[in-house]
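Data first, discussion second: the structure below is written as structure tokens.
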Ligand SMILES: [Zn+2]
């Protein structure tokens, strides 16, 4: 998965890093910093032993898009 599905150019592999868990949610929680997880939401991040949350992400500098693979294949 190195080619941008939008324009076909090479994507840069990296990570999105956060102090909290990262999740795709249908609605932003305004009461808590952590995303509220329910059956509609998708947890994206893994956690390192230092409680740093991260997920692999691919960057297309041409399209200004970030692609996240949350399949957890390592
Ligand atoms: Zn692109």
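Here are a few things to note about the model shown:
- Rg in Å to one decimal, and Dmax rounded to a whole Å, for the chain via C-alpha atoms: 13.7, 40
- Between region 34-60 and region 9-24, the alpha-carbon center distance in angstrom: 8
- Residues 13, 64, 39, ranked from the fewest to the most other C-beta atoms within 10 Å, line up as 39, 64, 13.
- Residue order, fewest to most surrounding Cβ atoms within 10 angstrom, among 30, 65: 30, 65
- Relative contact order computed over region 1-73 (Cα-Cα under 8 Å; 6+ residues apart), in percent: 33
- Order of 41, 36 - criterion: other Cβ atoms within 10 Å of each residue's Cβ, fewest first: 36, 41
- Figure legend: label point modelled 7 angstrom from the Cα of residue 69 along Cα→Cβ; residues of region 26-46 with amide N under 18 Å from it are 43-46.
Taken together, the values in this text are just the output of simple stated rules run on the coordinates, not laboratory data. All values derive from a computational prediction rather than experimental measurement. Backbone-built Cβ (ideal geometry, glycine too); neighbour counts: all protein chains shown.
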